[in-house]
Amino acid sequence: MIPLLFVILVTVATVVLGIVATKRAQSASDFFVAGRQVSVGMNASAISGEYLSAASFMGVAGLILKNGYDALWYPVGYAAGYLLLLLFIAGPLRRFGAYTIPDFAEGRFDSPLFRKIAVSFVLFIGFFYTMPQMKGAGVTMGTIMNWPYWVGIVVVGSVITFNVALGGMKGITFVQAFQYWVKLFAISVPVFVLMAVYGGYNAKLSASTLEPKGIPKVTKDTTLKFVGKDKAPANAVSFSAASETTITFTKETEIDKISTARKPEAGEDKLDASLAVLPKVEGPIPAGTTVTILPLIVTKGGVPVLKDGKPVKTAPKLEFAKPTEAVLAAGSFVPNTQNNAKWGLPFGTLTSKHGFPLLYTYSLIIALICGTAGLPHILVRFYTNPDGRSAKATTFWVMVLIGAFYFFTPIWGALGRTDLPSLYANNKTDAVVIALPKAIGGVWGDILSGITSAGAFAAFMSTFSGLLVSMSGALAHDIYGKILKPKATPDERIKMFKIAAVIFGVIAMGLGLLVETFDIAMLVGWAFAIAAASYFPLLLLGAWWRGLTMPGAAAGMLGGGLCSLFAIIAFMLSDKKIITIDDPLVKSLCEQPAIWGVPLSMLLMFFVSKATASQIPADADVKMLRLHAPEELGHSRDYIEDSAGAH
């Protein structure tokens, strides 16, 4: 009950701030760019609040818990991307002056057609980014209230949609600034209490280093909940090869498939994993049945495979047909995890899962850094600054604020591994920041869990708000106000903004129901990969290369962006076992497409622009001057005002 009170408190504060700010949001400029009067400090807090999503608050800690320090590239990449924004994009983008990024796209090339292409990617990226926010809502409310996953999504999604439809950009600027400080408090303060209870961060890492082959164990009989085949691949449980494991099913259970946790390498014998599950599993398993899971020795031609003079072992992997529960005996190694060496070193289970760790790592870095500099819902915030100089100052302070936040996320992952390892077996690693404080028990455990729950709520509320503003602005301003009804009045566009917020809010809730089995941070990483291959090349070359033409920019966005989008969807379908991708290299390139998607986009932009050099805008020099000349020279004018004057 206490965690729910904290969630209600932050929700009420959010709605009240939104209502108060709405009284100042009367014009179209207020709704789309907050009147261009947001100060550096306020905008830096608001951008940080919008950027630190469920992936940052819950997903990064969960991914580090699940995959170890191999996943540290996520917070590093998230923060480092702002350096590119600071150096190359923030100032020019603000000096151009617009309401949305598609405004920049059309204005840079004088092409209404290109606006349509740019708008489509606002929606692609936005919908990909809303999915992890909705998953965060479902996981948080399920953890603190035991609500079904879908209920959390509907309740949270409805509150946020209402708040955005109420006040637009002006309304959420104050809300997101407030939510950043809520999130920083919620991610940091409980850590110090947890370390006082469970032990220090350095002590945890030192213990892991001293036992490189150590695997987390449960210290008491622990109830595990497993999902069914409809939630695949989360229904798969890989047991430890270090020793036998004993589990007792408390409900009738049906196993869909038994295989080995380790995939056989070339030439190795195919093992019958069902022989290592005793008693032999045939048909439904009655409630109360105790099953022993034994390790298996890997063989080649009937001879054990050796590594460092010792036999290589694997263990069975069970895939459950329907949801069930089981009790893991005290002292057992926890399923679904790896030893300390793999968890604590680079090229671990995350980047090595397809056999190409270096390629995967570089592709992930490119996606995160370039994607940060290509997110429409973040970039549009630079239009709320008064000028280009303040936009660059805002970017600098954003780097400081989010850097302070990400300092704490690895600590949560390390504490969760040693002190709540049951999250591995339950496939609930994304819930570590909510579940770990709750595990303390008593009133203090509920209070700490309430603080982190409020922070998680603020995380997906602020980011989902920004996404809805970005997508609703694209529909109301770019599609309705520029394409369908160019003579629409400001009041008509504001009305369309509110309608669009409701429509996109409902769609986002529906998409959230489809991604329950995916890691939150992975989902956000895919949104970054699409942004990196579409908007980042456009903004970088559009701001700095006079020779970029509309056909070149369109070819690059469509080629790199759509190919990356289709590759990611293909991987998601293969993960759900709807389609099959057998080649591990192809699977790796589909899961992390930035390493080829970004170069493809930039090369297409370059070569097609060279081939269509006759289509360089006649006023390209004037526009480049507007993008880069200091405001004091008087060349920077708002594109919106110029385009309105042209009509």
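The values are calculated or read from the model by the stated rules, or taken from the named source; none is laboratory data. A quick note: this is a predicted structure, and the numbers were derived from the prediction, not measured. Please note: Cβ atoms are built from the backbone with ideal geometry, for glycine as well, and neighbour counts cover all protein chains shown.
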Reported set for segment 432-448 where residues are at pLDDT below 90 and surrounded by 24 or more Cβ atoms within 10 Å (Cβ to Cβ) is none
Is it the case that some residue within segment 381-396 is in a helix (DSSP H, G or I) and either touching a strand residue (DSSP E or B) at 6+ places or on another chain (Cβ under 8 Å) or under 15 Å from Ala71 (Cβ atoms) (or both)?
no
Mind checking which helices (runs of 4 or more DSSP H) fall wholly inside segment 18-93 and carry at least 2 residues that are at pLDDT 85 or above and over 30 Å from Gly344 (Cβ atoms)?
40-51
Filter segment 479-493 down to residues that are modelled with pLDDT under 85 and crowded, with 20+ Cβ neighbours inside 10 Å and give me whichever is farthest from Phe114 (Cα to Cα).
Arg493
If I ask for residues that are of a type in the set (Ser, Thr, Tyr), crowded, with 24+ Cβ neighbours inside 10 Å and within 25 Å of Gly200 (Cβ to Cβ), which ones from segment 362-419 would you list?
Thr409
Kindly indicate whether any position in segment 315-333 is crowded, with 18+ Cβ neighbours inside 10 Å, in a loop (DSSP other than H, G, I, E, B), of a type in the set (Ser, Thr, Tyr) and outside the structural domain of Leu423 (by TED's automatic domain parsing).
yes
Select from segment 547-560 the residues that are touching a residue at least 60 places away in the same chain (Cβ under 8 Å) and out of contact with any Pro (no Cβ under 9 Å at 6 or more places or on another chain) and write down the one among them that is farthest from Lys231 (Cα to Cα).
Gly547
